[in-house]
1. Find the residue count for region 155-191, including only residues that are on the phi > 0 side of the Ramachandran plot and modelled with pLDDT of 85 or more.
2. Just to be sure I understand, how many residues within region 1-18 are under 18 Å from Lys61 (Cβ atoms) and part of a helix (DSSP H, G or I)?
3. If we scan region 66-79, do we find a residue that is assigned to a loop (DSSP other than H, G, I, E, B), under 23 Å from Arg133 (Cα atoms) and modelled with pLDDT under 90?
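The values are calculated or read from the model by the stated rules, or taken from the named source; none is laboratory data. Here the structure is a predicted model, which is why all the values come from computation and not from measurement. With ideal geometry, Cβ positions are generated from the backbone for all residues, glycine too; neighbour counts draw on all protein chains shown.
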Amino acid sequence: MNKQEELIHRCKQGDPAAYTTLYNEHAAAVYNSVVRLLTHTGEAEDILQESFVAAFDGINKFKNTTGFRPWVKRIAINKAVDLIRKRKLRLIELEPVWMDDTISDEEPIDETEIEFTIDKISKAVEALPESYRTIFNLVALENIPQAEIAEMLGMENGAVRVQYYRARQKILQTLSKGGNHDERIREIYRS
């Protein structure tokens, strides 16, 4: 039995020290996933706590097929999406969606010509409209399949695909124009 399995076994027996150790090992990664979706630290902290409470309440049902971290992360992501829904954020299409292979008439941006830095990419993602940012984070950072995201958000699969594509294009546009001046970012979204 490895350390993780031993901790989970001890949690199933009600050992508070095992709960604390598991929380300390995984809380930062789970929090980072949630705060990217919600952007408000207070809400993200609440979701983090609720997610671990739910995970520990259901620890007896946990089957170690994927690992504890992905399991608690999924609980947290689902809670974050539920909160977004409760705020009645409508993840609507900002432009009409065509369901054929042509996603956009715009010329795709050549990614090789853009200088990428973590800071610039983070700012470009933060500048996205909330619906694009949510979908981009779920697909690109959480690696959740688009069909599953569509089901989670109550959207058509094609709409998720289009919004993810458009989010990537907006990020690339921001990065190609320097990405570090607020006026440049605003200019992109006016057009």
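1. 0
2. 9
3. no
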